1. Which of the DSSP-defined H helices in the chain satisfy a minimum axial length of 30 Å, computed from C-alpha atoms, and a minimum mean Kyte-Doolittle hydropathy of 0.0?
2. Hey, which of these cross-link pairs are over 26 Å Cα-Cα: K18/K244; K206/K229; K184/K229; K184/K205?
3. Of the options A103, F83, S59, report the single residue whose Cα projects farthest towards the positive end of the charge dipole of segment 27-108 (beta-carbon charges: Lys, Arg +1; Asp, Glu -1).
4. Per 10 Å bin, what is the whole-percent P(r) computed from every C-alpha pair distance within segment 144-262?
5. For segment 238-281, what D do you get in µm² per second when you plug the Kirkwood radius from alpha-carbon pairs into Stokes-Einstein at 10 °C and 1.306 mPa s?
6. What relative contact order, as a whole-number percentage, does the chain give when Cα pairs under 8 Å and 6 or more residues apart are counted?
7. Which of the lysines could be linked to K274 by a straight reach, that is with a Cα gap under 17 Å, when you skip same-chain ones fewer than 8 residues away?
8. Provide the descending list of Cα extents for segment 55-113 along its principal axes, expressed in whole angstroms.
Amino acid sequence: MISAADDSQRVPLIVDIKRFSLEDGPGIRTVAFFKGCPLRCVFCQNPETQNIFVEARFSQRRCIRCGACQTACVRGAISFPWFRLFRRRRNEALCAFCGQCEAACPRSATKIVGNRYSIEELSTLLLKDASFFSNSGGGITLSGGECLLFLDYVSALLKNLKINNVHTLIQTAGLFCFEDFAEKVLPHVDMIYFDIKFVDDVLHKKFTHVSNQVILGNFGKLAAAAPGKLQARIPLIPGITATKENLRAITALLHRHNINSVSLLPYNPGGIEKSIELGRPSPKITKRFMTPNELLTAKMYRNEPPHAVTRQITN
C-alpha cells in the first residue's frame, strides 16, 4: 500500500484531463485524474491510475506493425523480432518514456501514461472552460487514482481554484489521514464523492487488497464534520459488491450516519483491456456490463434505501 504520509509532498502525475464531463459532479466539469492509488481493486476501471510512476500502454489490436515507433525511438527500446511473429516488443530498461513513439504512431496504439504539472500549469489547464462552469453550475473535479495521496499539492491547487470562484469536487476511495485532510483540503472543497465498496473487512481485503477500517472511519468522521458536502458512491460489480448482503450492509451504514445522497455506479469492464495494454495479467472478472435486470435487482436489495441517483460510468 502506498503511504499517504510518504507521498503527500510529491508532485503527482496526471493521467488525463477530461473536459466537458457531465458525469463527475453537477453541471459541466473538467476532471483531473491523478496517478497513484493505495487500493488494488480487482475490478478497477482505471488501472493506469494505480501506480505513482510513469507507464506505457500498448494496444496490440491497434498496432499495424508499420515500425514508425521503432524508427522514432532514439534509445532502441522498441523492436519487432521475428521470433515473436513481429509483434512489438519494448525494452523497459531502455525506455525513457519520452513520448516519441506515441507521437509517431498513426493508429494511437501506444500511449505514455502520466504527466507532471506545476500547480500554476494545472490550474490554467483546468480553468480553460470556466465560462461553462458558471453557466451550467459545474466546476472542477479531482479524481484518480486517489488524489488525496498528494494532500499538500491538492490543497494548494484547490486554493488556486477557489480564488477563481470555481465549484470544487473530490472523488476519493477514502484511505487518507483525516486530520491532515480536515486541515488542508476540507475547507477548500465544495463536494466529496466517497466510494463505499464493502462494509465487511474480509471482503474488502479480498477484492481491494487493503483493509477498510480507516476508510469507514473516515466516512463516519466526514459524515459528522461535513454532511452537506458528502455523497456516497457504490460501485456495482456483479457477484462482488452488487450482492444483497453487501448492499443492505452499506444501506445500514448510510442510515447510521444520516447520509441520504448516494449514487449507484454500474460496472464498466473497460479496465480489463487497459490492464492488458499495461502489460499486466487479465483480471479474473466478468467482461460484460450489468444487465438492466441486474441493476433493478441491486436497487431492490437496498431495503428502504436513501434517495439514489443511478448513472452509468463512462470515464
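1. Numbers: long enough: none.
Helices passing the filter in the chain: none found.
2. The pairs that break the limit, which is 26 Å between Cα atoms, are K18/K244; K206/K229; K184/K205.
3. Farthest towards the positive pole: F83.
4. Reading the bins upward from 0: 13, 45, 31, 10, 1.
5. Numbers: Rh = 12.9 Å.
So the translational diffusion coefficient is about 123 µm²/s.
6. Details: 606 pairs, mean separation 60.6, N = 315.
The value is 19 percent.
7. K35, K111, K284, K287
8. Taking the Cα atoms of segment 55-113, the three principal extents are 26, 22, 18 Å.
Computed from the coordinates by the stated procedures, all read-outs in this text should not be read as laboratory data. Remember, predicted model here, so these are calculated numbers, not experimental data. Note: ideal-geometry Cβ built from the backbone for every residue, glycine included; neighbour counts use all protein chains shown.
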